[in-house]
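My questions all concern the structure below.
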Amino acid sequence: MEIPATGEANAAGETAEEEVLYSAEVRHVKGRCTLVINDHVHGSVEVYAVPQKAVQKLPFYLSMLRSRIA
């Protein structure tokens, strides 16, 4: 778990000043992958079918994103 620069993390990994705006997860059930995007600001959830090849590329895209942010 990464601790944000804004302070100490609590048990859920958030600080008292933080608020989750969006979250996403990829789920794998019975050979099919789905992307679930939670919009915590508006209280909505979007679900998309995702090809396995796209899921396999996620580590690459996340690495690219981390290098651009750092």
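Restricting to the stretch 30-45, name every residue that is β-branched (Val, Ile, Thr) and either in contact (Cβ under 8 Å) with a residue 40 or more places away in the chain or surrounded by 12 or more Cβ atoms within 10 Å (Cβ to Cβ) (or both).
Correct list: 34, 36, 37.
For residues that are of a type in the set (S, T, N, Q) and more than 20 Å from residue 62 (Cα to Cα), tally how many sit in the stretch 21-48.
Of the residues in the stretch 21-48, 1 are of a type in the set (S, T, N, Q) and more than 20 Å from residue 62 (Cα to Cα).
Okay, residues lined up against (1) at pLDDT 95 or above; (2) assigned to a loop (DSSP other than H, G, I, E, B):
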site	(1), (2)
7	no, yes
34	yes, no
37	yes, no
65	no, no
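Considering the stretch 46-62 alone, what residues qualify as being more than 16 Å from residue 29 (Cβ to Cβ) and either exposed (fewer than 10 other Cβ atoms within 10 Å of the Cβ) or in contact (Cβ under 8 Å) with a residue 24 or more places away in the chain (or both)?
53, 58, 59, 60
The values are calculated or read from the model by the stated rules, or taken from the named source; none is laboratory data. Being a predicted model, the structure only gives us computed values, none of them experimental. Note that we place each Cβ from the backbone using ideal geometry, even for glycine, and neighbour counts take in every protein chain shown.
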